[in-house]
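Remarks on the structure that follows.
The values are calculated or read from the model by the stated rules, or taken from the named source; none is laboratory data. Here the structure is a predicted model, which is why all the values come from computation and not from measurement. With ideal geometry, Cβ positions are generated from the backbone for all residues, glycine too; neighbour counts draw on all protein chains shown.
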Amino acid sequence: MINIDLFVCAEGVSIDQRTNNLSIFSIFKEIVSVGFPFIFPRLTVVTMLQRDAEDPDPQAELRIAHDGKEIFMGPIPVKFQNKPVTRFLFEVGGLALPNPGELEFQIYLDGKKQATYDVMVKPPSGPIIQQPETKASSAKTNGSDGVGQAGAPSSE
């Protein structure tokens, strides 16, 4: 039997060349956008699968939908290469969502839906207030250790 050990959507991943360990950065679960269309510059769907020794490689598909409307459905190559665990990363660049709503990722193995991961994309719940930075509120850096420290008032 094949099990899905991990299925998430994140901004990015890194694979250590020496250890083959996977690091996942900025996992998406809810995104607040001040305007629409909202564009994901880059996102990565990360999936880890585990199988019994006698299980063959499955036929895998990834489906992405926004508010129930399919925006992508395609095959994903899954090769265990005689190992009990495998992973695949699917990168998407420039995904544009015209309006707020639920972004849904689904993984299918041999034609059966096995997992779903949802990301809510929504407008802010209240007004966004941006205050301009003033010279007094800006931080100066201590050159040797890189730790920000409040600077003395300048004589400018």
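Couple of notes before you dig in:
- Flag if ALA65 is crowded, with 17+ Cβ neighbours inside 10 Å, out of contact with any helix residue (DSSP H, G or I) (no Cβ under 6 Å at 6 or more places or on another chain), of a type in the set (Gly, Ala, Ser) and within 22 Å of VAL121 (Cβ to Cβ): yes
- Residue that is closer than 24 Å to LYS113 by Cα and of a type in the set (Val, Ile, Thr), where the choices are VAL8, VAL13, VAL32: VAL8
Results for (1) at pLDDT below 90; (2) in a strand (DSSP E or B), shown as yes or no for each residue.
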| position | (1), (2) |
| --- | --- |
| LYS83 | no, no |
| PHE90 | no, yes |
| TYR108 | no, yes |
| ASP118 | no, yes |
| VAL121 | no, yes |
| PRO127 | yes, no |
| GLN131 | yes, no |
| ASP145 | yes, no |
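- Qualifying strands (runs of 3 or more DSSP E) (wholly inside the stretch 1-58; at least 1 residues being touching a residue at least 12 places away in the same chain (Cβ under 8 Å) and over 23 Å from SER125 (Cα atoms)): 3-15, 22-27, 38-50
- Extreme residue, nearest to the chain's Cα centre (by Cα), among residues of the stretch 74-94 that are farther than 13 Å from LEU109 by Cα and loosely packed, with under 13 Cβ neighbours inside 10 Å: GLU91
- Residue check for GLU156: more than 15 Å from PHE72 (Cα to Cα), acidic (Asp, Glu) and at pLDDT below 70: yes
- All told, ARG42 meets the bar of being among the charged types (D, E, K, R), at pLDDT below 95 and within 18 Å of the chain's Cα centre (by Cα).
- Answer residue from the stretch 53-62, given it is aliphatic (A, V, I, L, M) and buried (at least 16 other Cβ atoms within 10 Å of the Cβ) and is nearest to GLY12 (Cα to Cα) among those: LEU62
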